[in-house]
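Notes to accompany the following structure.
Each reported figure results from applying straightforward, stated rules to the coordinates on display, with no laboratory input. Please read these numbers as outputs of a predicted model, since none were measured by experiment. Don't worry about glycine lacking a Cβ; one is built from the backbone with ideal geometry, like all the others, and counts go over all protein chains shown.
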């Protein structure tokens, strides 16, 4: 009986640790950096503030990033003259 406990307890601790590591990686990818929030609060448009209340900080920051992507030289459509 003691041998089973000596084998079972470390295995349970390892499984628990691996599960917590997976949970931590999911939480880390969903977090928002402090400087992003400060930048949003300083330069947000009214529609982005409304999105903050409707969708939360994730949705509002997504709108804010899309708007800033266009300003910073993101992919733009150009008309080619024939």
Task: Cα convex hull of the chain, projected area averaged across orientations, nm² - done: 11.0
Task: Fewest-first sequence of 21, 36, 42 by Cβ atoms within 10 Å of each Cβ - done: 42, 21, 36
Task: Selected from 69, 41, 18 as most flexible by GNM, with the chain as the system and alpha-carbon contacts under 10 Å - done: 18
Task: Candidates 44, 60, 17: whichever shows maximal mean-square fluctuation once the chain is modelled as a Gaussian network with Cα springs under 10 Å - done: 17
Open item on the list: Apply the a/c threshold of 1.5 to the C-alpha gyration tensor of region 33-72 and tell me whether it is rounded, prolate or oblate.
Closed with: oblate
Open item on the list: If I fit a long axis through the Cα atoms of helix 2-29 and take the longest principal axis of the Cα atoms of the chain, what angle between them do I get, 0 to 90°, rounded to 10?
Closed with: 0
